[in-house]
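The values are calculated or read from the model by the stated rules, or taken from the named source; none is laboratory data. The model shown is predicted, which means the values in this text are computed figures rather than measured ones. Cβ placement follows ideal geometry from the backbone for every residue including glycine, while neighbour counts extend to all protein chains displayed.
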Protein chains: 2
Amino acid sequence: MQHEAVFHTSEAPYGFALSVKEWKVRLRTGKDGIARVNVIYGDRYNSPGSEAVLPMERVAGTRYFDYYEAVLPAPAKRVRYQFLLEGTSGQTLWYGETGPMEERDDRAFFQCPYISESMVHRLPGWLSDAVAYQVFPDRFWNGDKSNDPEGTLDWDSGRRPEPDSCWGGDLEGILNRLPYLEELGVNLLYLTPVFRSPSNHKYDTEDYYSIDPAFGDEELMKRLVEEAHARGIRVMLDAVFNHTGDRFFAFRDVLNQGAASAYKDWYHADECPVVQEPAPNYETFGTGIPSMPKLNVDHPDVQRYLLDVTEYWMNRLNLDGWRLDVANEVPPAFWRRFRSAVRAQNPDALIIGEIMHQAGPWLRGDQFDGVMNYPLRDALLEFFARQSISPTVFLSRIEELRMAMPEAGFAGSWNLLGSHDTERFLTSCTKGGRGWTAGEYAEERMKLAVLFQLTYPGTPLIYYGDEAGMTGGTDPDCRKPMVWRAEQRNAGMEAHYKQLLSLRRRFRPLGALGAFQPWLADDARHLLGYVREWGEERILVLIHNYAGSGTYRVELPLHLQHRTVRDLLTGGSWLAGEVLELPFQPFGAYLLTV
Amino acid sequence: MQHEAVFHTSEAPYGFALSVKEWKVRLRTGKDGIARVNVIYGDRYNSPGSEAVLPMERVAGTRYFDYYEAVLPAPAKRVRYQFLLEGTSGQTLWYGETGPMEERDDRAFFQCPYISESMVHRLPGWLSDAVAYQVFPDRFWNGDKSNDPEGTLDWDSGRRPEPDSCWGGDLEGILNRLPYLEELGVNLLYLTPVFRSPSNHKYDTEDYYSIDPAFGDEELMKRLVEEAHARGIRVMLDAVFNHTGDRFFAFRDVLNQGAASAYKDWYHADECPVVQEPAPNYETFGTGIPSMPKLNVDHPDVQRYLLDVTEYWMNRLNLDGWRLDVANEVPPAFWRRFRSAVRAQNPDALIIGEIMHQAGPWLRGDQFDGVMNYPLRDALLEFFARQSISPTVFLSRIEELRMAMPEAGFAGSWNLLGSHDTERFLTSCTKGGRGWTAGEYAEERMKLAVLFQLTYPGTPLIYYGDEAGMTGGTDPDCRKPMVWRAEQRNAGMEAHYKQLLSLRRRFRPLGALGAFQPWLADDARHLLGYVREWGEERILVLIHNYAGSGTYRVELPLHLQHRTVRDLLTGGSWLAGEVLELPFQPFGAYLLTV
């Protein structure tokens, strides 16, 4: 046993409350020589008879580490614990808050001091079967030509998107297409910004209190939410609170009045006068983008303003949540207030942060419910699109990511293949490949990635048009107008999405909250398998990530042995022994159940 | 090199902001085979030319781990980084947010996304030379006999404290004794609770808005703070917000009205009627203490009430801070609001949490400035009082604790030998010992512990009477009335405190914020040495934790070699070579400088 590999802290992602009376602990260990891991726990005030031992379950393994978990009952909402590891050659190791120990040390108990209700991360009740769909409004559908800005392109012009192109998409267009979304099988609509702004993307807000006239107005937005709700589709908007546009009233005032402006401290401008040319002398989003001055969200008036905006729209529109732009550059102190305000208005609202790196600290239940899971996308790109990593490495990568998040924050996150900020996944597939002709099996690889996305825990986020086989390079090319005409759409891809979305709805284990257990990672045969579980119900996902075909024997988990095993994708069924022999097509997959 | 031993996360205590443009990183490694550790860092937006390499400094070592630190410049307030470890046999290891890596991986940068001002932990400006003194008001001095409750004992009755004894100590008594505190050399007075309550300890608050009449009144409290301030002594009160007393108006109402009470949700009472006998059917402080019902601090009205109380007293009294009772059982969300409210009234207020275990999560700058460092006390007890651990083990223990806290939270914490909740340290010394007659060298060992306490970073907290050689077992025995008559006081102990307090005031390196570096831990000769540093100024502390005497050669750090070395305790001086030969008395010590 490696003493130095063992790790736990009594906070998320290593310790977190499932309820005020359940404390879940996760312990990291090295890979070698561990026979058993136990957790010794009891009441913090050492009540007689309260101490007990619980064996921990190995729940994940990565290249360097294994992870064990257990749920500690905490009837008094308080629990203390230490770990006892038993090695394969009989040696033992204790582990407490001071680190590895040769023997039990009662001063070294990890402490869960008291679980207040506010420390329990509650996800919205509706999350279990949510599937999100991201719309970039200017590019989804032009439902009202009367509000088209000058220079609006014809939907079918075939022009490549430029940074300032406009296709005239609007809320009326989205409203018209709600039946499409319903039929596709998604039930959560995320719109990139809709508030008044001069750009097509509207991340440079001019007025947080009005809907951009090229998109519609407040009445229409309200109708959109209502009609979406009527179809069982929830609606989330984009909160762009890291920066404003340079036409925003407060920034105009700073530009005009300099040091005399009442809004000077709303921004980070150290010099006066504040100028935009030749380069901004104030902080901006990114590096030196004059049209996006960075807000000083530490300022109490700015916080009040942004919370008022949030409450205004929650109130008027009956919103189901917010996606938070550049969430990692806005102070956590604000997001905590934001969460309280949002949840006070709608206890079932979902809050998703845009964070592209590991986001553990934001996912402790007091800021976000989840993040846009870009690190998972990176792993999917390498495994499915570029074919550059093996099943073993891929599994290690995704398990690392899962173990870096507490349970709720992981389940609450959005799993995406791409967004308005990335190359489209299908385009990545056409480039990547294991030395085949570029583009060979691109569609199959995309489909396999989609199958993974729609059978993995958390909420799938579908970027508009991916389901129709749209392609596109990085921004702005990934923002082409949505293809609606049948001959432009990839019917096979759409059928694939629909089939998997329908299975996800029907089978609870496949949803956001179903458990995930690795089953097999076979590099020689390019097979990856995992189990999804909800209560007694289990579905096995088996992925063949390779261009070849062949018939392979796979060892089944105990509960499937000697039973009739059925594939949810094809309806095929087999009477299994301890192993099952299955034929694999290039980039084929099975969803097995009994 | 052990890949699995390497650890970092981009949050405290492993990563924290020193200012909006400086991000300090701490990396943990195993003990073996590391030649050099570097951090590669740059602008998060990959600005050309921004990437640089910084060698990291080894700052601490424990039994299993070494710790390295570096300060990353972040001119744009954003920085990304990964680590490169070089082994003694030429091998290298990269380490990023996905763990150990064979090669650099730009997707695995640790990210410090943006340092907002609110993320910088600012300690009060006056902390550098603070020394705190804890008074339990009923036991410090009876300055006003007219407010003595019935049954008040004579100060010199010699009675052992019982749970409900009363000695009549009061604010007038403390006021009278301010000259004593000033002369002793302390400058921060912490009073255990003073608000109206039926007990002698007053942790069962009846009325947060009035001073207990046995102690005085608001006018007197105000005068006490004013006169303390006039003598350069700051004043902190005890915030007992985890629970109230059972005479508190809201709890009375719940008892009387049950489910109909407007205050029912202020507590955790699941059944009605709410009863105290035979056992409370509501949550309490500790386990089943009927007189201390636990508040539901998640409730917005409770939060508002407690914040109002806080603001009321901050305002009226010009307070310098709060010590927070049972701080780890009150929701962090409340403490964050509390900190904002307190700092809004007094930006230089100090906030100290009572947490007896490792407190890293509370010390990220958004809750407390420090904690009462009980785990350090445990180590001091074992090393000095019980003599049960060697210098090497002691050093490993205290370095573990130091590395478990971010820099500011460590410097802001209170280092105590004991409190109203523990056996007095001198009493522990009379029990412990390395097989000598119990009590042998008890005073010498206490003095050595005091020398450590007063030369260690952070704020020393002196429990009233320790400086006079008071003894006492655990609560209530540790709460004897203060000894004032010369014949009851240990003059040698007092002189020892005064000398060290005076040195601490004179020499900045000895203060709260001076750096700490281990120098030597010599188990055979029972020597422990460390360096305190402030700018160019350095003081070496050398401790001989043993009953024997002898003359030992110690190797000097470079900056002391071949210079005249002076002992601040005795004034003695020596011309040093590379080593210095020093005579050691039983439990003797040196404070060396040039």
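Which residue pairs have Cβ atoms closer than 6 Å, lie 6 or more positions apart in sequence or on different chains, and pair a first residue in the stretch A:33-62 that is closer than 18 Å to A:Gly15 by Cβ with a second residue that is part of a strand (DSSP E or B) and among the aromatic types (Phe, Trp, Tyr)?
Filtered contacts from the stretch A:33-62: A:Val37/A:Tyr68; A:Val39/A:Tyr81; A:Val39/A:Phe83; A:Tyr41/A:Tyr81; A:Met56/A:Tyr68; A:Arg58/A:Tyr68; A:Val59/A:Tyr67; A:Ala60/A:Tyr67.
Take B:Asp204 and decide whether it is outside any helix (DSSP H, G or I) and loosely packed, with under 15 Cβ neighbours inside 10 Å. Working first, answer last.
Working: outside any helix (DSSP H, G or I): yes; loosely packed, with under 15 Cβ neighbours inside 10 Å: no.
Considered against the rule, which asks whether it is outside any helix (DSSP H, G or I) and loosely packed, with under 15 Cβ neighbours inside 10 Å, B:Asp204 comes out as no.
Can you tell me which of (1) buried (at least 18 other Cβ atoms within 10 Å of the Cβ); (2) away from chain B (no Cβ under 13 Å); (3) part of a loop (DSSP other than H, G, I, E, B); (4) not β-branched (Val, Ile, Thr) is the one A:Ser89 doesn't meet?
Failing condition for A:Ser89: (1).
Can you tell me which residues in the stretch B:306-321 are assigned to a helix (DSSP H, G or I), touching a residue at least 40 places away in the same chain (Cβ under 8 Å) and buried (at least 19 other Cβ atoms within 10 Å of the Cβ)?
Filtering the stretch B:306-321 down to residues assigned to a helix (DSSP H, G or I) leaves B:306-317.
Now narrow it down to the ones that are touching a residue at least 40 places away in the same chain (Cβ under 8 Å): B:306, B:309-310, B:312-313, B:316-317.
Of everything in the stretch B:306-321, those that are assigned to a helix (DSSP H, G or I), touching a residue at least 40 places away in the same chain (Cβ under 8 Å) and buried (at least 19 other Cβ atoms within 10 Å of the Cβ) turn out to be B:Leu306, B:Thr310, B:Trp313.
What single numbered condition from (1) surrounded by 22 or more Cβ atoms within 10 Å (Cβ to Cβ); (2) among the polar types (S, T, N, Q); (3) out of contact with any helix residue (DSSP H, G or I) (no Cβ under 9 Å at 6 or more places or on another chain) fails to hold for A:Ser157?
In the conditions (1) surrounded by 22 or more Cβ atoms within 10 Å (Cβ to Cβ); (2) among the polar types (S, T, N, Q); (3) out of contact with any helix residue (DSSP H, G or I) (no Cβ under 9 Å at 6 or more places or on another chain), A:Ser157 misses (1) alone.
Applying the selection to the stretch B:290-304, what residues are surrounded by fewer than 20 Cβ atoms within 10 Å (Cβ to Cβ), away from chain A (no Cβ under 11 Å) and without any contact (Cβ under 8 Å) to a residue 40 or more places away in the chain?
B:Asp301, B:Arg304
Just checking, does the stretch A:55-71 include any residue being within 8 Å of chain B (Cβ to nearest Cβ), surrounded by 15 or more Cβ atoms within 10 Å (Cβ to Cβ), touching a strand residue (DSSP E or B) at 6+ places or on another chain (Cβ under 6 Å) and not in a loop (DSSP other than H, G, I, E, B)?
The answer is no, given that none of the residues of the stretch A:55-71 is within 8 Å of chain B (Cβ to nearest Cβ), surrounded by 15 or more Cβ atoms within 10 Å (Cβ to Cβ), touching a strand residue (DSSP E or B) at 6+ places or on another chain (Cβ under 6 Å) and not in a loop (DSSP other than H, G, I, E, B).
May I ask you to list pairs of residues, at least six apart or on different chains, whose Cβ atoms are under 8 Å apart, with the first in the stretch A:451-477 being free of Cβ contacts under 8 Å to residues at least 12 places away in the same chain and the second being buried (at least 23 other Cβ atoms within 10 Å of the Cβ) and part of a helix (DSSP H, G or I)?
Close Cβ pairs (under 8 Å, with a partner that is buried (at least 23 other Cβ atoms within 10 Å of the Cβ) and part of a helix (DSSP H, G or I)) do not exist here.
Could you list, in sequence order, the residues of the stretch A:288-304 that are out of contact with any helix residue (DSSP H, G or I) (no Cβ under 8 Å at 6 or more places or on another chain) and over 17 Å from A:Ser197 (Cα atoms)?
A:Gly288, A:Pro300, A:Arg304
With within 14 Å of chain A (Cβ to nearest Cβ) and surrounded by fewer than 17 Cβ atoms within 10 Å (Cβ to Cβ) as the only criterion, which of B:Ala379, B:Ala359, B:Ala279 stands out? Talk me through it step by step, then tell me what you get.
On the way: B:Ala379 fails: surrounded by fewer than 17 Cβ atoms within 10 Å (Cβ to Cβ); B:Ala359 fails: surrounded by fewer than 17 Cβ atoms within 10 Å (Cβ to Cβ).
Going through B:Ala379, B:Ala359, B:Ala279 in turn, just one is within 14 Å of chain A (Cβ to nearest Cβ) and surrounded by fewer than 17 Cβ atoms within 10 Å (Cβ to Cβ): B:Ala279.
Residues of the stretch A:109-153 being of a type in the set (Ser, Thr, Tyr) and either away from every other protein chain (no Cβ under 14 Å) or part of a strand (DSSP E or B) (or both), which ones? Give the steps one after another, and end with the answer.
First pass over the stretch A:109-153, keeping only residues of a type in the set (Ser, Thr, Tyr): A:114, A:116, A:118, A:128, A:133, A:146, A:152.
Correct list: A:Ser128, A:Tyr133, A:Ser146, A:Thr152.
Evaluate the stretch B:26-34: report whether one residue or more is under 26 Å from the mean Cα position of the chain (by Cα), at pLDDT 95 or above, within 15 Å of B:Arg364 (Cβ to Cβ) and crowded, with 19+ Cβ neighbours inside 10 Å. Let's see the steps before the verdict.
Keep residues of the stretch B:26-34 that are under 26 Å from the mean Cα position of the chain (by Cα), which gives B:26-28.
After this cut, where a residue has to be at pLDDT 95 or above as well, the list is B:26-28.
From what's left, within 15 Å of B:Arg364 (Cβ to Cβ): B:26.
Now drop any that are not crowded, with 19+ Cβ neighbours inside 10 Å, which leaves B:26.
Yes: the stretch B:26-34 contains one or more residues that are under 26 Å from the mean Cα position of the chain (by Cα), at pLDDT 95 or above, within 15 Å of B:Arg364 (Cβ to Cβ) and crowded, with 19+ Cβ neighbours inside 10 Å.
Restricting attention to the stretch B:213-223, does a residue exist that is touching a Cys at 6+ places or on another chain (Cβ under 8 Å), in a loop (DSSP other than H, G, I, E, B) and at negative phi? Even if it seems obvious, please write down each step before you answer.
Residues of the stretch B:213-223 touching a Cys at 6+ places or on another chain (Cβ under 8 Å): B:214.
Now drop any that are not in a loop (DSSP other than H, G, I, E, B), which leaves B:214.
Applying the additional criterion that residues be at negative phi yields B:214.
Yes, the conditions are met somewhere in the stretch B:213-223.
Count, please, the residues in the stretch B:38-49 that happen to be more than 30 Å from A:Gly99 (Cα to Cα) and buried (at least 17 other Cβ atoms within 10 Å of the Cβ). Spell out how you get there, then give the answer.
First pass over the stretch B:38-49, keeping only residues more than 30 Å from A:Gly99 (Cα to Cα): B:42-49.
Then drop every residue that is not buried (at least 17 other Cβ atoms within 10 Å of the Cβ), which leaves B:42-44.
Count: 3.
Could you list, in sequence order, the residues of the stretch A:322-350 that are more than 14 Å from chain B (Cβ to nearest Cβ) and crowded, with 23+ Cβ neighbours inside 10 Å?
Those that are more than 14 Å from chain B (Cβ to nearest Cβ) and crowded, with 23+ Cβ neighbours inside 10 Å: A:Trp322, A:Arg323, A:Leu350.
So, B:Arg532, is that one in a strand (DSSP E or B), of a type in the set (D, E, K, R), touching a Pro at 6+ places or on another chain (Cβ under 6 Å) and touching a residue at least 24 places away in the same chain (Cβ under 8 Å) or not? Give the steps one after another, and end with the answer.
Working: in a strand (DSSP E or B): yes; of a type in the set (D, E, K, R): yes; touching a Pro at 6+ places or on another chain (Cβ under 6 Å): yes; touching a residue at least 24 places away in the same chain (Cβ under 8 Å): yes.
Here the answer is yes, as B:Arg532 does meet what is asked.
Output the helices (runs of 4 or more DSSP H) that fall wholly within the stretch A:328-421 and possess 1 or more residues being over 23 Å from A:Thr471 (Cα atoms), or say none. So that I can check it myself, show each step before the final result.
Details: elements: A:332-345, A:374-380, A:391-403, A:407-411.
Where helices (runs of 4 or more DSSP H) fall fully within the stretch A:328-421 and carry at least 1 residues being over 23 Å from A:Thr471 (Cα atoms), they are A:332-345, A:391-403, A:407-411.
Here are the criteria: (1) part of a loop (DSSP other than H, G, I, E, B); (2) out of contact with any His (no Cβ under 9 Å at 6 or more places or on another chain); (3) within 14 Å of chain B (Cβ to nearest Cβ). Tell me which single one A:Pro273 does not satisfy.
All conditions are met except number (3).
Between B:Asn256, B:Asn242, which is polar (S, T, N, Q) and either closer than 21 Å to B:Phe195 by Cα or surrounded by 15 or more Cβ atoms within 10 Å (Cβ to Cβ) (or both)?
Just a single option satisfies the conditions, and that option is B:Asn242.
Of everything in the stretch B:72-81 that's in a strand (DSSP E or B) and buried (at least 17 other Cβ atoms within 10 Å of the Cβ), which residue is farthest from the other protein chains (Cβ to nearest Cβ)?
First, the residues of the stretch B:72-81 that are in a strand (DSSP E or B): B:72-73, B:79-81.
Narrowing the set further to residues that are buried (at least 17 other Cβ atoms within 10 Å of the Cβ) leaves B:72, B:79-81.
Working: B:Leu72: 16, B:Val79: 12, B:Arg80: 8, B:Tyr81: 12 Å.
The extreme case among them is B:Leu72.
Among the numbered criteria (1) more than 14 Å from the chain's Cα centre (by Cα); (2) farther than 19 Å from A:Val541 by Cα; (3) surrounded by 21 or more Cβ atoms within 10 Å (Cβ to Cβ), which one does A:Tyr463 miss?
(1)
So which of B:Val483, B:Val565, B:Val579 is surrounded by 14 or more Cβ atoms within 10 Å (Cβ to Cβ) and touching a strand residue (DSSP E or B) at 6+ places or on another chain (Cβ under 7 Å)? Give the derivation first.
Working: B:Val483 fails: touching a strand residue (DSSP E or B) at 6+ places or on another chain (Cβ under 7 Å); B:Val579 fails: surrounded by 14 or more Cβ atoms within 10 Å (Cβ to Cβ).
Checking each option against the conditions leaves just B:Val565.
Look at the stretch A:259-268 and say how many of its residues are in contact (Cβ under 8 Å) with a residue 24 or more places away in the chain and either surrounded by 20 or more Cβ atoms within 10 Å (Cβ to Cβ) or of a type outside the set (D, E, K, R) (or both). If you could, list the steps in order and put the result at the bottom.
To start, the set of residues in the stretch A:259-268 that are in contact (Cβ under 8 Å) with a residue 24 or more places away in the chain comprises A:265-268.
Then keep just the ones that are either surrounded by 20 or more Cβ atoms within 10 Å (Cβ to Cβ) or of a type outside the set (D, E, K, R) (or both); that gives A:266-268.
Going through the stretch A:259-268 one residue at a time, the tally reaches 3.
Please go through the stretch B:1-54 and give me each residue that is β-branched (Val, Ile, Thr) and either more than 28 Å from A:Arg28 (Cβ to Cβ) or within 12 Å of another protein chain (Cβ to nearest Cβ) (or both), ordered by number. Steps first, answer last, please.
First, the residues of the stretch B:1-54 that are β-branched (Val, Ile, Thr): B:6, B:9, B:20, B:25, B:29, B:34, B:37, B:39-40, B:53.
Residues satisfying the conditions are B:Val6, B:Thr9, B:Val20, B:Thr29, B:Val53.
Could you tell me which of the residues A:Met446, A:Met403, A:Met372 is touching a Cys at 6+ places or on another chain (Cβ under 6 Å) and either buried (at least 19 other Cβ atoms within 10 Å of the Cβ) or not aliphatic (A, V, I, L, M) (or both)?
Values: A:Met403 fails: touching a Cys at 6+ places or on another chain (Cβ under 6 Å); A:Met372 fails: touching a Cys at 6+ places or on another chain (Cβ under 6 Å).
Step by step, each of A:Met446, A:Met403, A:Met372 is checked, and only A:Met446 is touching a Cys at 6+ places or on another chain (Cβ under 6 Å) and either buried (at least 19 other Cβ atoms within 10 Å of the Cβ) or not aliphatic (A, V, I, L, M) (or both).
Which residues, taken from the stretch B:422-468, are part of a loop (DSSP other than H, G, I, E, B), at pLDDT below 95 and out of contact with any Phe, Trp or Tyr (no Cβ under 9 Å at 6 or more places or on another chain)?
Quick first cut of the stretch B:422-468, residues part of a loop (DSSP other than H, G, I, E, B) only: B:422-424, B:432-441, B:455-458, B:464-465.
Now narrow it down to the ones that are at pLDDT below 95: B:432-441.
If the condition is that a residue be part of a loop (DSSP other than H, G, I, E, B), at pLDDT below 95 and out of contact with any Phe, Trp or Tyr (no Cβ under 9 Å at 6 or more places or on another chain), then B:Gly435, B:Trp436, B:Thr437, B:Ala438, B:Gly439, B:Glu440 are the ones that fit.
As an exercise: evaluate A:Pro273 against (1) modelled with pLDDT under 95; (2) within 17 Å of A:Ile351 (Cα to Cα) and give the number of the one condition it does not meet.
With respect to (1) modelled with pLDDT under 95; (2) within 17 Å of A:Ile351 (Cα to Cα), A:Pro273 is out only on (2).
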